[in-house]
Amino acid sequence: MTKTMILHDKKNNELIVPVRRAQNTNAKGARYPGFKPETLLLQKGSIRLKGYLPLPCEIILERDVPVKLRDGVTIYTDVFRPNDNKKHPAIMAMSPYGKEIGSQWLDDTPNHAGVPVNATSGLQKFEGPDPAYWVNHGYVIINPDVRGAYNSQGIILFFGSDYGRDGADIIEWAANQPWSNKKVSMSGNSWLAISQWFVAAQKPKHLTCIAPWEGLNDCYREIGTRGGVMMPEFIKMLSDSFASGENGGIEDCLTVMNTQPVMNAYWEDKEADLETISIPAYIVASYTNPIHTYGSIEGYRRISCREKWLRIHNTGEWDDYYNPEHVEDLRKFFDHYLKGLDNGWEKTPRVRLSVLNPGGKDIVNRAEKDFPLPQTEYKKLYLNSKEHSLSLENPQNESQVQYDSDKRNAKVIFRMRMSEDTEITGYQKLRLWVSALDHDDLDLKIKVEKRNKFGLKYSSSIGPGCEMAATGYIRVSLRDLDIKRSTEENPRQSMLKERKLNKGEIVPVDILIWPMGMLF
């Protein structure tokens, strides 16, 4: 018998969702330190883990503090705070990864993901703020095990409205603690950034600002599928890594992906209502992240607050997040909004972006007024199948090109040699007319990349899965566009129904290519 649970969408309608098992908290990969409600005084100068940073100050650590959510479920959180009797702002790092070392950890990544071991104290949860740094600067760090994670009651959720409501409950709990100055924010990258979009959309009273560092906000279009092409690998990897108690489990997105492949109430609830977010935000993005690029930039574009900043970097998500210069920059933002300091943050350029230049030197932190850049000049390029080229001139004669999809790495390439230095920064799309000769559907992957004068690729050391290219995907049967939300340069598929191809049928498709910034 399949285990199910009831979720609630944005309008509080019930959704029945399958549940899959999680690894047990006793499993080696869970790395659960056990349930230990206690209060500890961590001494200044002590070292949590070999090679990590000594603690710069005394820290009170309250472990496994119970927090009761709106439906009576109890979750447990660790709280790191200064050893004084003052009121402090709080920063929440929300994820199911564990409150310190858990199922995911930087030590598991090659070369520590580019983050020097001594850059942090080791107190931080995966992808979250380092309590040693923030407590030393007068902040409280809240690291909850979310619903279903480890000893917290319930089932682990894959975002959505109920997940956002859980986060709002924790924020309001934090604001009413004796150490709180009533101002709460959130921080962290990837899962911890995605959390911020869904929590902020619930508009909790004491959530003062957010700082999502590379985080998608539409689980269907940006991670479950791209353009309708199912991509279960990453979700499976995450699901297999999570740990839950004896009566817990994980929301089974994988089964839903197979049984409900087109847009419906379930998937609609997996898109955060960005337009409802009206608090200040410091948003970080990159062009090379395989799951977060589009959502991070759309988050900046679509939230309704005028006090929002975007920084697009040129490295990996983790080394950027823990870079000391960027940590200081984030503190300036938090000091301004959570402590009320008049520190000049509002003079920070609204957009600071990088432009990648494989084979040369990247542009970094160039100040701009907005994104997409107001000075953007959109141009149409045309495919020439006879010369396999891209051209500003529209070929006069109709032609076609084909490849055998049964052959590994089969593809067609169109090249354009730039006659002058050219920057492509912003959104792109590709319109094709396509036909599947022997099938009723096809998946396409599009890649726009820079090559050297010999036609060879440039290598990338940014991180796993990161391509020095802009990519787009489409499943042709899901080609229908959402007319209300599509623009010429930023098409959006409705995903409402499949329209299979008839034999020999030729159809137009508009393919979204994720934003890029590159100098040719």
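What pairs come up if the first residue lies in the range 381-392 and is within 12 Å of residue 417 (Cβ to Cβ), the second is outside any strand (DSSP E or B) and at pLDDT 90 or above, and their beta carbons are under 8 Å apart, counting only those six or more places apart or on different chains?
389/414; 389/416; 390/381; 390/414; 390/416; 391/381; 391/416
Of the residues in the range 336-366, how many are in a helix (DSSP H, G or I) and within 24 Å of the chain's Cα centre (by Cα)? Break it down into steps so the answer makes sense when it comes.
Looking only at the range 336-366, we keep the residues that are in a helix (DSSP H, G or I), and these are 336-338, 345-347.
Still in the running and within 24 Å of the chain's Cα centre (by Cα): 337-338.
Here the count works out to 2.
With 65, 135 as the choices, which residue is open to solvent by less than 10 Å² (accessible area, probe 1.4 Å), more than 25 Å from the chain's Cα centre (by Cα) and not charged (D, E, K, R)?
Exactly one of 65, 135 is open to solvent by less than 10 Å² (accessible area, probe 1.4 Å), more than 25 Å from the chain's Cα centre (by Cα) and not charged (D, E, K, R), namely 135.
Using the structure shown, decide if residue 117 is among the β-branched types (Val, Ile, Thr) and modelled with pLDDT of 95 or more.
Considered against the rule, which asks whether it is among the β-branched types (Val, Ile, Thr) and modelled with pLDDT of 95 or more, residue 117 comes out as no.
Can you name the residue in the range 260-293 that is surrounded by 23 or more Cβ atoms within 10 Å (Cβ to Cβ) and among the hydroxyl-bearing types (Ser, Thr, Tyr) and is also farthest from residue 335 (Cα to Cα) among such residues?
Within the range 260-293, the match that is farthest from residue 335 (Cα to Cα) is 288.
Going residue by residue through the range 309-319, is there one that turns out to be among the aromatic types (Phe, Trp, Tyr), touching a residue at least 24 places away in the same chain (Cβ under 8 Å) and part of a loop (DSSP other than H, G, I, E, B)?
No, that holds for no residue.
Out of all the residues in the range 130-174, which are assigned to a helix (DSSP H, G or I) and of a type in the set (Val, Ile, Thr)?
Restricting attention to the range 130-174, the residues satisfying the condition of being assigned to a helix (DSSP H, G or I) are 131-136, 161-174.
The answer is 135, 170, 171.
Mind counting the residues in the range 26-45 that are more than 17 Å from residue 121 (Cα to Cα) and part of a strand (DSSP E or B)?
Quick first cut of the range 26-45, residues more than 17 Å from residue 121 (Cα to Cα) only: 26-39.
Cutting the leftovers down to part of a strand (DSSP E or B) gives us 38-39.
Total meeting the criteria: 2.
Conditions: (1) assigned to a strand (DSSP E or B); (2) open to solvent by less than 10 Å² (accessible area, probe 1.4 Å). Residue 127 meets all but one. Number of the miss?
(1)
Would you say residue 73 is hydrophobic (A, V, I, L, M, F, W, C) and surrounded by fewer than 20 Cβ atoms within 10 Å (Cβ to Cβ)?
yes
If you go through the range 167-176, how many residues are surrounded by fewer than 18 Cβ atoms within 10 Å (Cβ to Cβ) and touching a residue at least 24 places away in the same chain (Cβ under 8 Å)? Step through it out loud before you land on a result.
Narrowing the range 167-176 to residues surrounded by fewer than 18 Cβ atoms within 10 Å (Cβ to Cβ): 172, 176.
Narrowing the set further to residues that are touching a residue at least 24 places away in the same chain (Cβ under 8 Å) leaves 172.
Residues flagged as surrounded by fewer than 18 Cβ atoms within 10 Å (Cβ to Cβ) and touching a residue at least 24 places away in the same chain (Cβ under 8 Å) within the range 167-176 amount to 1.
The values are calculated or read from the model by the stated rules, or taken from the named source; none is laboratory data. From a predicted model like this one, the values you see are computed outputs, not experimental measurements. With ideal geometry, Cβ positions are generated from the backbone for all residues, glycine too; neighbour counts draw on all protein chains shown. Accessible surface is based on the protein model in full, side chains and every heavy atom, while ligands, DNA and RNA are left aside. Shrake-Rupley method; radii C 1.70, N 1.55, O 1.52, S 1.80 Å.
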